[in-house]
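Below is one structure, written out as structure tokens; the observations come after it.
The values are calculated or read from the model by the stated rules, or taken from the named source; none is laboratory data. Please read all numbers here as calculations on a predicted model, not as lab measurements. Cβ placement follows ideal geometry from the backbone for every residue including glycine, while neighbour counts extend to all protein chains displayed.
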Amino acid sequence: MLQSKNFEWFKHKTVYQIWPRSFCDSNGDGIGDLQGIIAKLGYLEQLGIEVIWLSPVYRSPMDDMGYDIADYFNIDPLFGSNADMNELIAQAKTHNISIIMDLVVNHTSDEHPWFIEAKKGLDNPYRNYYIWHDPVNGGAPTEQRSFFMPSAWTLDEASGQYYYHLFSNRQPDLNWDNPQILEEVYKIMNFWLERGVAGFRMDVIELIGKVPLEGKYTSPRGHELLKLIYQHTLANYPETLSVGETGGANVQDAILYSGGHDELDMIFGFEHFTLDEVAGQSKWHLKDFDLVSFKQVFKKWQQGLHSRGWNSLFISSHDAPRPVSRWGDAGKFRVESAKMLANTLHFMQGTPYIYQGEEIGMTNYTFSQVSEFRDIEMINFYNEHLHKTEWGPERIMQSINSKGRDNARTPVQWSADENAGFSSVEPWINLNPNFHEVNVAQALGDPNSIWYFYQKLIKLRKELPIIIHGDFELISPEHPAIFAYVRKFEAQELYVISNFSALCQHVELNANWQAAELLTANYPRELPFNGVFDLGAFESLAFLLRN
Ligand code: NOJ
């Protein structure tokens, strides 16, 4: 490992996730591309972004929108070329932006040459790159479900064996018990690191430690593999960032992943994303939001990783509904609630991730028919449940409109122009019809927009060490509508108070308010405070006591 490895370089930076297909279309085919991203680097710099997480752009049949890779070394022609990728990396640098790529190595596409070879027969040298098993009692080897299908096993007619896939049957899982897979992954990562990317977001990386025949998603082996990966790749570059998608991890796991600087820098834990689903059921089994549990989850992670690891902070991604629709108010209080959610999150400890369109408060799309769906998870859920008595079309559509991934995958709304300024032609998926009111051009023209609020939050993180280093304590943890916390660092105290409801809320807090400096507020607010706050609908504010 390099002696001079810097583990701190990203700690005051904010990451922006680009899901390229819906970001910006430069060549008029209705699909976003790398040149479209290059054209918007100035925009991202203006927002204050210093790192981009780029969702997959590799060659792919797009069964799962690029999370099914057929060639790890080449850019899919839909998005551009390797020359475009080199240009993106170089141009981003001139805007002080680093790029991390998505690394999807739990599985490949069924069109990857390894899988095409592997299918040729039991003796093929690539057979052992994947997970195969003979039928058991004439059927699948285990009862395990895949995330997208009723079974994690699909029969390969030619050989009579089943292969294993935790996602679609066009995404066969790699066999991580085969040491050759590690060698292949080192090659892939070093190829892109040598070309100047700063690191990786590692897709469902905890699953590389799975034990298929026992139905276990993870095992200690996952940590051993990540240590090897780190040593052979990221450890040899001075400034890297790696974030592992580990949906099922708890705080103890997160400390193992991120605390030792020898596996990952941080992980995405999904505990706060699962609170609106019935425990033990699928994401489609909806449950009412409960702020008290939501606060407890943040407290657990903030306190649990303080000085022991590092959090990632996110309320949005290409896999989740839009946060204003989920936890705020997508109607009358859209602007207030979008700022409130951002304010609540961005003063916590960790690295914030903003998903494209979040910075203008984009909302969920309302789907009325299956022909509008593009996402394999939504389509498969619909088809599998349509004729189940406890579901039926109405309940399915309710779940789709609350939790479906395509909600967050509609094109970025750049302007009120035709096709929302995203493309010169009709996009690959419907636009959210509210683009006439909700768009970047509008936001940039309004000093009170959500956009400028995000810009301020990103800037404050670079200026105030308390955001990076302070501890975390909830205030009134049992309050059903107020999310309030205080962070302390040296002599300073940072307070954040947010109203998660449309009703006014009365709050009284004791502190040395004479010393208070207002940092952010989504309603006009004046100093000095007297400690009594009557908060309006979705009101949120943050203030610093320098003491
Ligand atoms: C997680 C990705 O974020 C999601 O979009 C994808 O479908 C699965 N992993 C499978 O790669």
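None of ILE396, ILE467, ILE450, ILE482 is β-branched (Val, Ile, Thr) and out of contact with any helix residue (DSSP H, G or I) (no Cβ under 6 Å at 6 or more places or on another chain) except ILE482.
Of all residues in segment 151-172, those that are more than 15 Å from LEU213 (Cβ to Cβ) and in contact (Cβ under 8 Å) with a residue 40 or more places away in the chain have Cβ atoms under 6 Å from Cβ atoms of residues that are away from the ligand (no atom under 14 Å from the Cβ) and not hydroxyl-bearing (Ser, Thr, Tyr), 6 or more apart or on another chain, in PRO172/PHE115. Only one entry of SER317, SER293, SER312 meets the criterion of being assigned to a loop (DSSP other than H, G, I, E, B) and modelled with pLDDT of 95 or more, and that entry is SER317.
Within segment 188-217, residues that are farther than 17 Å from VAL51 by Cβ and of a type outside the set (A, V, I, L, M) reach partners that are within 16 Å of the ligand (Cβ to nearest atom) and modelled with pLDDT under 95 with beta carbons closer than 7 Å, at six or more positions or on different chains, in the pairs GLU206/GLY248; TYR217/GLY248. Contact map, segment 326-354: residues that are of a type in the set (Phe, Trp, Tyr) paired with residues that are assigned to a loop (DSSP other than H, G, I, E, B) and modelled with pLDDT of 95 or more, Cβ distance under 6 Å, separation 6+ or inter-chain. Pairs shown: PHE333/ALA537; PHE333/PHE538; TYR353/PHE314.
Scanning segment 358-395 for residues being in a loop (DSSP other than H, G, I, E, B), surrounded by 19 or more Cβ atoms within 10 Å (Cβ to Cβ) and away from the ligand (no atom under 16 Å from the Cβ) gives a total of 5. Here GLY28, GLY42, GLY32 are screened, and the one residue that is in contact with a Cys (Cβ under 9 Å, 6 or more places away or on another chain) and either closer than 24 Å to ILE360 by Cβ or not in a helix (DSSP H, G or I) (or both) is GLY32.
When SER151, SER146 are screened for being part of a loop (DSSP other than H, G, I, E, B), within 16 Å of the ligand (Cβ to nearest atom), at pLDDT 95 or above and over 20 Å from PHE73 (Cα atoms), only SER146 passes. Considering only residues that are at pLDDT below 95 and more than 17 Å from ILE400 (Cα to Cα), which ones fall in segment 270-290? ALA279, GLY280 - these are the residues of segment 270-290 that are at pLDDT below 95 and more than 17 Å from ILE400 (Cα to Cα).
Out of ASP173, ASP134, report the one residue that is of a type in the set (Asp, Glu) and within 16 Å of the ligand (Cβ to nearest atom). Of the residues listed, the single one that is of a type in the set (Asp, Glu) and within 16 Å of the ligand (Cβ to nearest atom) is ASP173.
Note on segment 194-211: residues that are in a helix (DSSP H, G or I) and within 16 Å of the ligand (Cβ to nearest atom) total 5.
The residue list THR410, THR389 contains one member that is on the phi < 0 side of the Ramachandran plot and without any contact (Cβ under 8 Å) to a residue 12 or more places away in the chain, which is THR389. The single condition among (1) modelled with pLDDT of 95 or more; (2) over 30 Å from ILE31 (Cα atoms); (3) outside any loop (DSSP other than H, G, I, E, B) that GLN514 does not satisfy is (1).
Among the residues of segment 284-317, those that are closer than 30 Å to GLY392 by Cα, crowded, with 20+ Cβ neighbours inside 10 Å and in contact with a strand residue (DSSP E or B) (Cβ under 8 Å, 6 or more places away or on another chain) comprise TRP284, SER316, SER317.
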